[in-house]
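Reviewing the structure listed below.
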Amino acid sequence: MGITKIEGFDPTITNMAEILKALGHPARLSIIKYLANKKECVNSVLVDELPLAQSTISRHLSELKKVGLIKGTIVGNSVNYCIDESIWQEVNTYFQDILTGLQNNNCC
């Protein structure tokens, strides 16, 4: 696949595209759904919840953390992960703006 041109786009849109790309896998959506219902989670607990190896789950957690959707705290030999609510508020605001535009659009 070639290089995708991102220059010239609004930085907010570029950032949101990275966030949405990180969510573009069923395992990552499953992780987000699981974490949204928990106060915190240890990586090894997710192994019991998902049909994936711990190393694969760790890779998915890393991708979610890289874009800021989750945050992790080291506790002994483990990492506790949780939802980063500030980023999710940005995602919510972004889509609320789109939905407001759709409601005001009489086209089609």
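What to note about this one:
- Calculated FRET value between residue 53 and residue 16, using beta carbons and R₀ = 25 Å, to 0.05: 0.25
- Projected label distance in nm at residue 99 and residue 36, using a 7 Å step from Cα toward the beta-carbon: 1.2
- Rounded tilt (10° steps) of 54-66 against the dominant C-alpha axis of the chain: 40
- Residue-averaged 222 nm ellipticity for the chain, from DSSP H runs of 4+ at -39500 (n - 2.57), nearest 500: -18000 deg cm²/dmol
- Rounded tilt (10° steps) of 85-103 against the dominant C-alpha axis of the chain: 30
- Cα long-axis angle, helix 26-36 against the chain (0 to 90 degrees, to the nearest 10): 80
Only the coordinates and a few stated rules stand behind these numbers; no lab work does. Just so you know, these numbers come straight off a predicted model, no measurement behind them. Cβ atoms come from the backbone with ideal geometry, glycine included; neighbour counts cover every protein chain shown.
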